[in-house]
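Input: a single structure, listed below in structure tokens.
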Amino acid sequence: MFPNFLPSQVNQITDPEAIAFVQSIEKIALTTSLSQQSILTTYIHKGLGGTPIVLLHGFDSSILEFRLLLPLLAAQNETWAVDLLGFGFTQRQKEINYSPNAIKIHFYDFWKTLINKPIILVGASMGGATAIDFTLTYPQVVKSLVLINSLGYTGAPTFSKYLFPPFDFFAVEYLRQRHILALNLASILANLNAKLLLAIQCAMLHQEMPLWYDAMISYVKTGGYTDLANRIAQIDKPTLILWGEADDMLASEDAEKFQQDIANSQLIKLNNCGHAPQLEQPQIISQHILQFLMMAKRDSE
């Protein structure tokens with residue numbers, strides 16, 4: 001049985017590993033300063049031992065992007081993944097302004113309520129920007145940082161904050177229609193590429209949640225993490241930078257910029273890998289993260 005708070009389209013997923021992952025999604029009624037009502041926040045928690053690893057997903061995504069990586073990490077270490085405010089399957093409320101600051105407040109309240117001890121923070125794409133912002137604001141919470149093809153130097157287009165009706169709706173609908181087109185094509189070719197069909201199904205599922213359009217428009221209008229680049233050099237945590245060299249969304253030069261600006265950092269480039277190493281090379285990513293944790297532990301002893 002799937003959790004009843006997920007869209008009915010979840011029943012289209014037939015991959016056994018993906019089904020098991022989705023069935024393990026939990027939710028908590030989280031009290032925050034952002035709303036008078038609690039926010040139903042979705043997450044997955046697996047594994048025991050070690051400093052908790054927390055995974056943060058990318059833009060217009062969900063914890064499902066970690067369906068291959070999280071089980072590998074959790075086999076050796078306590079691991080969490082959480083749907084950020086305005087994204088994934090976490091509840092959206094009309095009165096909330098979905099900005100990077102609101103995302104940070106919500107995530108801190110999640111950490112304080114369920115974890116409440118220092119963590120290893122792993123962020124992919126926009127989740128990397130969230131992780132950087134969070135680390136700089138709450139340095140006592142984060143022991144070390146892992147950035148996977150992270151935003152930081154590349155932000156949202158400057159025009160995005162000036163979108164107004166009906167163009168704001170059309171901009172968000174464009175994102176959805178791209179997924180629908182890909183899903184239809186993958187359905188036709190499903191016998192040739194079942195993995196592609198599953199990937200698109202997982203990427204689209206959260207878009208069926210109530211107020212998805214509203215939250216996306218609200219976030220896009222903020223411009224996202226546009227003020228982060230000048231603050232990255234302030235990071236003083238041990239940082240692992242993992243970068244798919246075939247990334248067609250972010251400039252390859254960004255990887256070197258992270259390494260140059262973050263004093264205590266190491267960069268590992270991944271061959272034959274694009275913007276989502278957590279999906280493309282989960283075994284390799286998990287090995288690098290776990291080795292990084294072991295080295296950090298030895299250095300602290």
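Values quoted throughout were computed directly from the atomic coordinates according to the rules given, and no laboratory measurement underlies them. Since the structure is predicted, the reported quantities are computational estimates derived from the model, not experimental observations. Every residue, glycine as well, gets a Cβ built from its backbone with ideal geometry; the counts of neighbours run over all protein chains shown.
Legend: calculated FRET efficiency, residue 2 to residue 95, from the Cβ-Cβ distance at R0 = 22 Å, rounded to 0.05, equals 0.15. This ranking places 38, 150 by how few other beta-carbon atoms lie within 10 Å of each, fewest first, which gives 38, 150. Amide H contacts of residue 32: 39, each under 5 Å away and 5 or more positions distant or on a separate chain (H built 1.01 Å from N in the peptide plane; Pro and chain starts excluded).
For region 3-103, trypsin sites (Lys or Arg not before Pro) are listed when DSSP marks them as loop and at most 14 other Cβ atoms sit within 10 Å of their Cβ; the list is 94.
Which aspartates and glutamates does residue 257 reach when only Cα atoms under 20 Å apart count, and residues fewer than 8 places away in its own chain are ignored? Partners within reach: 133, 227, 236, 245, 247, 248.
Ranking 79, 276, 239 by Cα position along the charge dipole of the chain, where only Lys, Arg, Asp and Glu carry charges on their C-beta atoms, puts 79 farthest toward the positive end.
Each Lys and Arg contributes +1 and each Asp and Glu -1, all at the Cβ; summed about the Cα centre of the chain, the dipole is approximately 460 debye.
For each pair in 94/195; 104/269; 46/195; 27/269; 46/269, compute the distance between the two Cα atoms and list the pairs where it is over 32 Å.
Numbers: 94/195 35 Å; 104/269 28 Å; 46/195 24 Å; 27/269 35 Å; 46/269 28 Å.
Cα-Cα > 32 Å for 94/195; 27/269; rest within.
A simple spin-label model places pseudo-atoms 7 Å from Cα toward Cβ; at residue 208 and residue 36 they are separated by 3.3 nm.
Remark: relative contact order (the chain) = 19 percent; criterion is Cα-Cα distance under 8 angstrom and separation of 6 or more residues. So what's the gap between the Cα centers of region 66-96 and region 260-300, to the nearest angstrom? For region 66-96 versus region 260-300, the Cα centre distance is 19 Å. Here is how the number arises for the chain: DSSP H runs of 4 or more residues each give -39500 (n - 2.57), the sum is divided by the residue count, and the result at 222 nm is -12000 deg cm²/dmol.
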